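Asker: Below is one structure. I have some questions about it.
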Amino acid sequence: MLTGFKNAVEVDFSLEENQKKIMDAFRQIESEKGTVYPLVIGGERITTNQTITSYNPANKEVLGSVCACTAELADQAIHTANKAFAAWSHTTVDERVRTLRKLATLLIENRFYIDAWNVLESGKNWGEADGELCEQLDFINSYVMHIQNLDKGLELVPTDEHTKCIYIPIGVGVALPPWNFPVSLSAGMVVSAVVTGNTICVKPSSDTPIVAYKLQELCEKAGIPAGVVNYIPGQGSEIGDLLVEHPLTRFINFTGSKAVGCRIYEHAAKVSPGQKWLKRVVAEMGGKNAIIVDSSANIQKAAQGVVSSAFTFQGQKCSACSRAIVLDDVYDAFVEAVVEETKKLKESQGPGQENCAIGPVVNKASFDKITGYVEIAREEGNIVYGGTYSDETGYFVDPTVVRDITREARIANEEIFGPVLAVIKVNTFDEALDVANQTEYALTGSVYSETRENVIKAKKTFHVGNLYFNRKSTAAVVLQHPFGGFNLSGTDAKTGTADYLRNFMNLKSITEDLTD
């Protein structure tokens with residue numbers, strides 16, 4: 001039984017008092033725009049000549065910039081973290097828990113400020129931003145609970161000897177979080193390292209580096225010692241391989257594209273000169289997620305779930321639905337229902353402060369990639385909604401629904417990471433499952449069906465890490481829907497669980513003969 005844990009509750013932004021609080025936070029940030037933020041290595045603020053600029057994707061406004069870490073400083077950060085590990089690894093679990101509970105308190109105290117920075121840097125709406133902060137609170141509270149149980153060690157068979165088998169920290173880690181969840185995943189990577197007694201070097205995404213700096217400040221205020229968490233934004237081409245291949249790096253925690261994840265996996269497998277261990281890689285690398293709708297499904301409910309899964313946060317979630325696989329006898333009715341639900345979404349063309357359902361995609365590169373796929377979709381199927389886009393003010397791509405897509409089409413197989421939904425027609429439920437399983441990814445999936453036989457069959461054969469029935473494929477909640485994928489979606493490290501923490505610890509068996 002999970003005692004002492006309760007999921008955090010999101011802010012109700014329909015209340016005027018909460019609207020005022022986040023607008024006050026936006027006004028506070030207004031006075032901070034243009035700031036240059038330093039690296040933080042061993043508690044020391046370090047400035048560099050080269051910087052990375054952070055933009056608001058809704059209007060291309062410069063929000064500020066962060067100093068870019070050089071190869072020399074990245075090496076310094078790893079050595080600093082290694083030195084800090086010598087002391088932090090011997091702190092008690094109670095002490096680690098104390099600092100993380102303080103961090104949770106600080107997050108709550110600063111939630112509207114953190115939410116506002118997240119909105120401006122990532123293009124989320126208010127609810128999405130606060131939902132992410134709630135997930136971070138859940139990560140803290142779950143990992144605190146789990147580490148106290150893990151600290152008891154394994155239960156062993158009694159003998160005449162004194163025996164125990166305990167979990168111990170392993171060393172310096174590198175956190176490579178994504179831009180699309182810069183609060184929950186960045187801080188989740190930090191918390192999992194800190195609570196297990198390890199130290200960490202965080203290289204945040206170049207699209208969302210400022211909110212990551214704000215989290216660094218909260219870690220310091222919570223009492224996490226200098227050097228335990230180090231903030232080193234930088235270009236992947238400059239410091240990425242160095243961090244992964246460094247002989248003192250013990251583990252790499254990554255969320256991002258398949259291409260980068262596979263590169264990390266390959267480079268981490270090589271034993272560098274002076275390295276004494278095999279490195280661990282925790283990787284989450286994306287998806288091409290499908291929702292199946294069969295003949296018995298509630299079509300309206302299915303359409304609502306698919307639209308929410310496909311288009312919230314502009315489809316920029318690894319769990320987002322990008323394929324709807326629909327039985328032929330309900331196909332036309334489903335497409336019509338999806339179009340009507342998509343029309344209800346209010347599209348944003350503002351500066352990132354309006355609380356709209358649909359906002360911008362994160363940057364120019366994403367805009368170009370997604371709109372390129374929109375044009376491919378125009379050739380491969382029939383666009384029945386959307387297909388329009390503009391980067392005149394910000395990076396806006398309208399939710400796009402494409403029908404008559406075949407299973408061989410590019411938009412049925414390649415990850416787009418944007419608001420483009422391919423609707424595929426099939427003749428049987430078995431064919432639907434076959435199409436769903438055909439891609440190299442296996443992260444999330446959902447089935448809308450009122451036929452028990454189909455539900456049972458899908459539970460056995462729909463090969464994904466997170467499988468849902470008669471609900472959307474997004475919005476996994478910590479310890480309600482442990483999250484992580486199969487195949488080239490990643491290493492299936494289910495976040496929020498005790499299993500996740502075991503990635504960053506070793507089991508040490510100790511036996512003492514007490515006889516004379």
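Asker: Within segment 240-254, can one find any residue that is over 22 Å from Leu507 (Cα atoms), crowded, with 18+ Cβ neighbours inside 10 Å, hydroxyl-bearing (Ser, Thr, Tyr) and modelled with pLDDT of 95 or more?
Answerer: No, segment 240-254 contains no residue that is over 22 Å from Leu507 (Cα atoms), crowded, with 18+ Cβ neighbours inside 10 Å, hydroxyl-bearing (Ser, Thr, Tyr) and modelled with pLDDT of 95 or more.
Asker: Sticking with this one: Across segment 311-334, which residue is surrounded by the most Cβ atoms within 10 Å (Cβ to Cβ) among those that are touching a helix residue (DSSP H, G or I) at 6+ places or on another chain (Cβ under 9 Å) and part of a helix (DSSP H, G or I)?
Answerer: Among them, the one singled out is Gln314.
Asker: For residues that are of a type in the set (Asp, Glu) and either part of a helix (DSSP H, G or I) or over 26 Å from the mean Cα position of the chain (by Cα) (or both), scanning just segment 29-75, find the one that is surrounded by the fewest Cβ atoms within 10 Å (Cβ to Cβ).
Answerer: So, considering only residues that are of a type in the set (Asp, Glu) and either part of a helix (DSSP H, G or I) or over 26 Å from the mean Cα position of the chain (by Cα) (or both), the one surrounded by the fewest Cβ atoms within 10 Å (Cβ to Cβ) is Glu30.
Asker: Using the structure shown, decide if Ala25 is in contact with a Pro (Cβ under 7 Å, 6 or more places away or on another chain) and in a helix (DSSP H, G or I).
Answerer: Answer is no for this residue.
Asker: Let me ask another. I want to confirm something. Restricting to segment 291-310 and keeping residues that are out of contact with any Leu (no Cβ under 6 Å at 6 or more places or on another chain) and either within 23 Å of Trp179 (Cα to Cα) or among the basic types (Lys, Arg) (or both), which single residue is surrounded by the fewest Cβ atoms within 10 Å (Cβ to Cβ)?
Answerer: Lys301
Asker: If Gly359 satisfies all but one of (1) farther than 24 Å from Pro178 by Cβ; (2) crowded, with 22+ Cβ neighbours inside 10 Å; (3) touching a residue at least 40 places away in the same chain (Cβ under 8 Å), what's the number of the condition it fails?
Answerer: Result: Gly359 passes all but (1).
Asker: Of all residues in segment 228-274, how many are over 24 Å from Tyr500 (Cβ atoms) and either assigned to a loop (DSSP other than H, G, I, E, B) or not assigned by TED's automatic domain parsing to the domain that holds Ala71 (or both)?
Answerer: Summing the residues that are over 24 Å from Tyr500 (Cβ atoms) and either assigned to a loop (DSSP other than H, G, I, E, B) or not assigned by TED's automatic domain parsing to the domain that holds Ala71 (or both) in segment 228-274 gives 9.
Asker: Can you give me the number of residues within segment 153-190 that are among the hydrophobic types (A, V, I, L, M, F, W, C), under 18 Å from Val228 (Cβ atoms) and in contact with a Leu (Cβ under 6 Å, 6 or more places away or on another chain)?
Answerer: Counting residues in segment 153-190 that are among the hydrophobic types (A, V, I, L, M, F, W, C), under 18 Å from Val228 (Cβ atoms) and in contact with a Leu (Cβ under 6 Å, 6 or more places away or on another chain) gives 3.
Asker: Ok, one more. Select from segment 390-416 the residues that are more than 26 Å from the chain's Cα centre (by Cα) and part of a strand (DSSP E or B) and write down the one among them that is surrounded by the fewest Cβ atoms within 10 Å (Cβ to Cβ).
Answerer: Ser390
Asker: Let me ask another. Can you find, within segment 141-167, the residue that is surrounded by the most Cβ atoms within 10 Å (Cβ to Cβ) among those that are outside any helix (DSSP H, G or I) and either among the hydroxyl-bearing types (Ser, Thr, Tyr) or in contact with a Gly (Cβ under 7 Å, 6 or more places away or on another chain) (or both)?
Answerer: My answer is Tyr167.
Asker: Select from segment 196-227 the residues that are assigned to a helix (DSSP H, G or I), acidic (Asp, Glu) and either closer than 15 Å to Leu176 by Cβ or without any contact (Cβ under 8 Å) to a residue 60 or more places away in the chain (or both) and list them in ascending order.
Answerer: Matches in segment 196-227: Glu217 only.
Asker: Next question, about the same structure. Only one of (1) of a type in the set (Phe, Trp, Tyr); (2) crowded, with 23+ Cβ neighbours inside 10 Å; (3) farther than 29 Å from Trp88 by Cα is not met by Tyr500, so which one is it?
Answerer: All conditions are met except number (3).
Residue by residue, here is whether (1) of a type outside the set (A, V, I, L, M); (2) under 29 Å from Cys134 (Cβ atoms); (3) in contact (Cβ under 8 Å) with a residue 12 or more places away in the chain holds:
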| residue | (1), (2), (3) |
| --- | --- |
| Tyr448 | yes, yes, yes |
| Val455 | no, no, yes |
| Phe483 | yes, yes, yes |
| Glu512 | yes, no, yes |
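Asker: Please work out if Lys494 is exposed (fewer than 15 other Cβ atoms within 10 Å of the Cβ) and either under 23 Å from the mean Cα position of the chain (by Cα) or basic (Lys, Arg) (or both).
Answerer: no
Asker: Turning to a different aspect of this structure: Just to check your reading of the model, which residue among Lys472, Lys494, Lys425 is of a type in the set (Lys, Arg) and farther than 24 Å from Ala297 by Cα?
Answerer: After applying the criteria, what remains is Lys494.
Asker: Looking at (1) closer than 30 Å to Lys152 by Cα; (2) crowded, with 18+ Cβ neighbours inside 10 Å, which is the one condition that is false for Asn506?
Answerer: Condition (2) is where Asn506 drops out.
The values are calculated or read from the model by the stated rules, or taken from the named source; none is laboratory data. None of these values were measured; they are calculated from a predicted model. Glycine also receives a Cβ, built like all others from the backbone with ideal geometry; neighbour counts cover every protein chain displayed.
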